[in-house]
Each structure stands twice: as structure tokens, then as C-alpha cells.
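The values are calculated or read from the model by the stated rules, or taken from the named source; none is laboratory data. Since the structure is predicted, the reported quantities are computational estimates derived from the model, not experimental observations. Don't worry about glycine lacking a Cβ; one is built from the backbone with ideal geometry, like all the others, and counts go over all protein chains shown.
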Amino acid sequence: MLYQLHELQRRLLSPITAFAEGAATLYSIPGSPLSYLPFSREISASYGLIHRLGKDYEKPQFGIRETTVRGETVAVSEESVLVKPFCELKRFKRATRARDPKVLVCAPLSGHHSTLLRDTVRQLITEHDVYITDWIDARMVPLSAGKFHLDDYVAYLAEFIRHLGPDVHVISVCQPTVPALVAISLMASENDPKSPRTMTMMGGPIDTRRSPTEVNTLATTKPHSWFENNVIYRVPSNYPGYMRRVYPGFLQHAGFVAMNPDRHLSSHWQYYNQLVKGDGESAAQHRAFYDEYNAVLDMDADYYLDTIKMVFQKHALPLGTWVTGATLGHRKVEPAAIRKTALFTIEGELDDISGSGQTEAAHGLCTGIPKGRKQHFTAPKCGHYGIFSGRRWREMIYPKISAFIRKHA
């Protein structure tokens, strides 16, 4: 019933937020008599904040229309390469003949849309032919499309890698570091000629026993049944995925906010003051961040529960006990089988999502990769999001990834 109650609340808030948006405009735009009243800025800012707090946040667009290649500005278009029931393999096609390394960016399926990696893609396409996994909101996937387990996620990544060919370089950010390593391990075990040239793993939970964070602690202090009984709900009838079992996006969002409530409260108060002062640039930055942060998707329940069990509770990958299900032929996952794919792990010194050493643990598992084809970097003064977005990503981390890819291309 919780999902249905949420939808009811959303419908009730819809006219209120629409009114607040209109009122904020009437009390602020030149030419409106209301904008000249005493305290009009404060009133407009209040309505503006109400609108932001109550509105629906749809999936954002990447919005990357051009880039610079070899000093030349070229157009960029999004191209659908493969479409699966739960994911679309998307390419950012550049209007250039430059033959740059092919990169598959494995975006997280952990609450936010793949557009969270917009800054990652924007930087990569300057020197690479970029593809990304664009995950589909589970509430939009009808039951007729079947179930989606962690094994299916792994199978998707393996199919995408094979489709792009043996010269592809895989970059996984946060959550997909685990299924990416599993997929590449399985490919290596069968000597697949289309195994990728390199795999770069950034801020991921390879071994959550190392420097456990608040996220890891929650998963280990609750039994598996708790998650199934407390966070899994069925999609309401107003979505294509009606009756699909999911971990709803609105619950995930509540969890994100609960991790740092004071920070979000302070940010919204600053936004109110920015509107009052007429600081349009800072207010626009706030809106851009929360347009992305507040846009969340539902995760299929089977996939989510599999991840909790295998990654956070059983530690199956670092303990060497991961055996796939029937979908992948009941095979044991052996990262030591990887020999030809070079490995680069990246962590943030201040990462509070994937703690120190969790991603670096991949080196201890991939014993078949020669030392000269392994690399690790811990970004100083860098939090989780700073690994793949912002100034430190662009100036400190990206150059190292680009150099690593070209070294092993």
C-alpha cells in the first residue's frame, strides 16, 4: 500500500506545486504588479522553494550536443545501439572521422539515472568513442518482459562487451564494478576473444568488508528477509510495470537524504536566500544539481535483493564463492582467469559510499593479470561523486584514465 499512498500524495501535491510555480513567477517577473509589492522577493522565493520541494522530477536528458575533438568543435548525437527490456546501450556519436579508443561506460543501477554520469561522458567524448548503459526504470517495464536478476545484469554487460568487440575499454562506476568484474571473469574463463582491452573500476563495492561505510553496515545488520519485507512493493496500476515487484525510487531517495539531512536542509535554505538576493547563477546551480539528484528510478526487486545478498552479505566475490544461476549456466566466477585485460582501480580518499580499499581489492582477486598491467590511484580530498564528476574528475582523474587506456590500446 505504501507505493499507492505515495502516488496519492503525488497527485494531491501536483496542483499545489503548479500553483506555487505560477505564484513564484508572478511575484518576480518585471511587469507584474505583484513584483513591486513589499517583500515580493521573499514571497516569490518561498513559492519557488515549495515548488521545488513538491514537484515531480522526471528523468533528465544528457543534453550533450557538441564537443571538442583535436581542437575542432563537432556535433554530438545520441544513438541507440542495442535495446534490452531493462537497458539501452547508447552511443554518443561524434561528427568526426577521428578513430579514438572505444569506451563502454557501465552506469550504476542504484537509484539514479545514468545521466548522473553526464560529466563523465562529457569529458570522455573529447578523446574517446563513448557508449553507456542507460538503465530503464523498472516501473516502466511490463511483467511480460520477465524477471531481472543480478545474473541478467551480468549477461547484459557481457553481451554489450561482445557487441562492441575486443578493442573496447570498460569503465564501471560504483555499483557496476561488481557485475562488470563478474562478466569479464566469465568471458576470460572461456577464453572469449572479445574480452575487453582494459577495465577501469571506480569507487565500487568489490569487497565491502574493507572500511565499511554506513551503506555497508545497513546491509549487514539486517537479515535478507528484512529487505524483502520492508522495502519491496508492487508497481501501481498507472504504470506499464503494473504489479512488478520493485524497490521504489522514492524510498531510495528518502535513504539518500537521510544520510546527510543537515546538508540538504542547509542547501535549500541557501537556495531560498539566493532567490531573495537575486543570485540567479547560484540558484541555477542548485536547481541543476537537484534536478539530477531528485530524479530516481525503481529497481527490480530480484536484482536488488540478489545484490544485497551476494555483494553485501555473502561477500561472494572476494571469498571466491560466487556461482551463477541457471541463466549463466551455474558457473563459478574466477577473476584469476583474467589475463589479457588490464586493470585500473580508482578510489576517493573521502568516499563515504565505497570505503577505502573496497575497489582496490580487485587487484588481489585478479592474480592472473601481470603486475605491469595493473594500476591503482586514490584521489586526494575526493568524495564519492568527485571521482566521476566535477573539477577533480576532469583535472586529476580523467587524464590518468585516458593515459591508461592508450597505454594498453
Would you say ARG52 is more than 25 Å from the chain's Cα centre (by Cα), part of a helix (DSSP H, G or I), of a type in the set (D, E, K, R) and not assigned by TED's automatic domain parsing to the domain that holds HIS169?
no
Output the number of the condition that ARG122 fails; it satisfies all remaining conditions of (1) free of Cβ contacts under 8 Å to residues at least 40 places away in the same chain; (2) of a type in the set (D, E, K, R); (3) crowded, with 17+ Cβ neighbours inside 10 Å.
(1)
Matching residues in the range 217-267 (of a type in the set (D, E, K, R), closer than 19 Å to ALA295 by Cβ and in contact (Cβ under 8 Å) with a residue 12 or more places away in the chain) number 0
May I ask you to verify whether THR208 is buried (at least 24 other Cβ atoms within 10 Å of the Cβ), in the same structural domain as LEU319 (by TED's automatic domain parsing) and polar (S, T, N, Q)?
yes
For the list (1) touching a Lys or Arg at 6+ places or on another chain (Cβ under 9 Å); (2) over 20 Å from ILE50 (Cα atoms); (3) of a type in the set (Gly, Ala, Ser), I need the number of the one condition that SER211 fails.
(1)
Residue in the range 305-319 that is farther than 22 Å from PRO193 by Cα, touching a Leu at 6+ places or on another chain (Cβ under 6 Å) and not assigned by TED's automatic domain parsing to the domain that holds PRO212 present
no
Within the range 313-351, tally of residues that are surrounded by 21 or more Cβ atoms within 10 Å (Cβ to Cβ) and within 25 Å of GLY249 (Cα to Cα):
1
Of the listed residues (TYR47, TYR36), the one being touching an Asp or Glu at 6+ places or on another chain (Cβ under 9 Å) and in the same structural domain as ARG11 (by TED's automatic domain parsing) is TYR47
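Consider GLY278 carefully, then state whether it is buried (at least 20 other Cβ atoms within 10 Å of the Cβ), in contact (Cβ under 8 Å) with a residue 24 or more places away in the chain and not assigned by TED's automatic domain parsing to the domain that holds TYR153.
Against the criterion (buried (at least 20 other Cβ atoms within 10 Å of the Cβ), in contact (Cβ under 8 Å) with a residue 24 or more places away in the chain and not assigned by TED's automatic domain parsing to the domain that holds TYR153), GLY278 does not qualify.
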How many residues does the range 250-277 contain that are of a type in the set (Val, Ile, Thr) and modelled with pLDDT of 90 or more?
1
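Within the range 338-370, track down each residue that is of a type in the set (A, V, I, L, M, F, W, C) and either more than 19 Å from HIS315 (Cα to Cα) or assigned to a loop (DSSP other than H, G, I, E, B) (or both).
Within the range 338-370, the subset of a type in the set (A, V, I, L, M, F, W, C) is 338, 342-344, 346, 350, 353, 361-362, 365-366, 369.
Correct list: ILE338, ALA342, LEU343, PHE344, ILE346, LEU350, ILE353, CYS366, ILE369.
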Restricting attention to the range 64-113, the residues that are more than 18 Å from the chain's Cα centre (by Cα), modelled with pLDDT of 95 or more and of a type in the set (Gly, Ala, Ser) number exactly 4
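State all residues of the range 268-307 that are part of a loop (DSSP other than H, G, I, E, B), in contact with a Pro (Cβ under 6 Å, 6 or more places away or on another chain) and under 16 Å from VAL257 (Cα atoms); if no residue qualifies, say none.
Our first condition is that a residue be part of a loop (DSSP other than H, G, I, E, B); within the range 268-307, this holds for 278-279, 294-295, 297-298.
Of the ones still in play, those that are also in contact with a Pro (Cβ under 6 Å, 6 or more places away or on another chain) are 295, 298.
Within the range 268-307, just ALA295 meets the criteria.
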Hey, can you tell me all the residues within the range 371-409 that are in a loop (DSSP other than H, G, I, E, B), in contact with a His (Cβ under 9 Å, 6 or more places away or on another chain) and modelled with pLDDT of 95 or more?
HIS408
Cross-chain or 6+ apart pairs with Cβ under 8 Å, the range 383-406 first and assigned by TED's automatic domain parsing to the domain that holds LEU104, then part of a loop (DSSP other than H, G, I, E, B) and small (Gly, Ala, Ser):
HIS384/GLY203; HIS384/SER354; ILE387/GLY203; PHE388/GLY203
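Looking at the range 182-210 only, could you name the residues that are of a type outside the set (Val, Ile, Thr) and closer than 28 Å to PRO248 by Cα?
Pass one, the range 182-210, residues of a type outside the set (Val, Ile, Thr): 183, 185-197, 199, 201-205, 207, 209-210.
ALA183, MET201, MET202, GLY203, GLY204, PRO205, ASP207, ARG209, listed by residue number.
Take the residues of the range 289-326 that are among the hydrophobic types (A, V, I, L, M, F, W, C) and under 15 Å from the mean Cα position of the chain (by Cα): which is modelled with the lowest pLDDT? If you could, list the steps in order and put the result at the bottom.
Restricting attention to the range 289-326, the residues satisfying the condition of being among the hydrophobic types (A, V, I, L, M, F, W, C) are 289, 295-297, 299, 301, 305, 308, 310-312, 316-317, 319, 322-323, 326.
Filter again for under 15 Å from the mean Cα position of the chain (by Cα), leaving 289, 295-297, 299.
On the way: PHE289: 88, ALA295: 92, VAL296: 94, LEU297: 96, MET299: 97.
Only one residue tops the list, namely PHE289.
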Qualifying positions in the range 27-63 - surrounded by fewer than 16 Cβ atoms within 10 Å (Cβ to Cβ), hydrophobic (A, V, I, L, M, F, W, C) and over 28 Å from PHE250 (Cβ atoms)
ILE29, LEU34, LEU37, PHE39
Residues of the range 211-253 classified as among the hydroxyl-bearing types (Ser, Thr, Tyr), outside any loop (DSSP other than H, G, I, E, B) and either assigned by TED's automatic domain parsing to the domain that holds GLY357 or surrounded by fewer than 18 Cβ atoms within 10 Å (Cβ to Cβ) (or both), total:
4
For the range 140-171, give me each residue that is buried (at least 22 other Cβ atoms within 10 Å of the Cβ), assigned to a helix (DSSP H, G or I) and in contact with a strand residue (DSSP E or B) (Cβ under 8 Å, 6 or more places away or on another chain).
TYR156, LEU157, PHE160, ILE161, LEU164
